[in-house]
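The values are calculated or read from the model by the stated rules, or taken from the named source; none is laboratory data. Remember, it's a predicted structure, so these values are computed and weren't measured experimentally. Counting neighbours? That spans all protein chains shown, and the Cβs are built from the backbone with ideal geometry, glycine included. Keep in mind that these areas ignore ligands, DNA and RNA; they rest on the heavy atoms of the full protein, side chains included. Shrake-Rupley method; radii C 1.70, N 1.55, O 1.52, S 1.80 Å.
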Amino acid sequence: MTSLPTVNTLSASTFILDDSDTTSINYTAPFSKEPNLTCRGNTCTEILGVNGSLQFSFQGTDVWLFGKPPGLARIFLDGALVQVLDTTASTDANTALWGANNLDGKSTHVLKIGGIDGEGLNVLIDFFAIQGTVLSLSSLESSTGAGYDPTPAERRKLTGILVGTLFGFFVFLLLAGG
């Protein structure tokens with residue numbers, strides 16, 4: 001994990017890639033654009049299901065994902081699953097939810113966000129902040145497409161996160177109601 005900036009600490013040279021920028025972001029269904037007045041550009045995007053994704057390519061040293069917790073997402077950087085993001089305990093929408101620092105600034109990187117199965121469980125994606133340049137959609141290689149089937153280990157991890165989240169929610173309800 002890396003240090004995560006807030007919206008207010010991003011430098012003036014930071015490139016902001018809004019979720020609504022379909023000239024730079026490749027979306028694969030299922031996904032949903034959610035009207036939200038608290039999001040940049042008045043929209044957020046929810047990736048729906050394990051086959052839904054968004055991805056873009058960039059050259060730069062740092063990249064951060066900003067969105068609205070709570071929720072889950074699978075984060076891929078340069079073709080490798082780097083984290084199953086769990087923001088169910090987060091409440092601060094002004095701090096980045098995920099980031100990567102000190103990347104090779106001369107290399108082309110591909111960031112892909114994948115959804116998980118389960119209605120209402122995926123994080124709302126607002127925008128990305130990048131120290132570098134976003135590349136055109138044509139720079140994305142077809143090998144980074146949406147056809148992703150989680151490994152059994154990833155399915156077990158997702159199942160554990162979901163079960164733990166639901167258990168915590170029911171314990172909260174029990175304690176709050178009694």
Checklist entry - Tell me, what HN-Hα J-couplings in whole Hz come from the Karplus equation 6.51 cos²θ - 1.76 cosθ + 1.60 at θ = phi - 60° for each residue of region 60-71, using x for Gly and Pro? => result x, 9, 9, 8, 9, 9, 10, x, 10, x, x, x
Next on the checklist: Tell me the carbon and sulfur percent of the accessible area for region 48-132, rounded to whole percent, probe radius 1.4 Å.
Outcome noted: 47
Checklist outcome for this item: Quick note, region 2-138: a/c under 1.5 would make it rounded; otherwise a/b > b/c is prolate and the rest oblate (a ≥ b ≥ c, C-alpha gyration tensor); here it is rounded
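Pairs of alpha-carbon atoms within less than 8 angstrom and 6+ residues apart define the contacts here; what relative contact order does region 1-139 have, in percent? Display every interim value, and only then the final one.
Numbers: 366 pairs, mean separation 52.3, N = 139.
Relative contact order for region 1-139 comes out at 38 percent.
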Item to check | Residues of region 79-141: accessible area per residue with a 1.4 Å probe, Å² | outcome: 45
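Between rounded, prolate and oblate, where does region 1-50 land on the alpha carbon gyration tensor, with a ≥ b ≥ c its root eigenvalues, rounded for a/c under 1.5, else prolate if a/b exceeds b/c? Don't skip to the answer; put the middle values down first.
Values: a/c = 1.83, a/b = 1.64, b/c = 1.12.
Prolate, since a/c reaches 1.5 and a/b exceeds b/c.
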Checklist entry - Between 13, 116, 127, whose Cα lies farthest towards the positive end of the dipole of region 1-128 when Lys and Arg beta carbons carry +1 and Asp and Glu beta carbons carry -1, centred on the Cα centre? => result 13
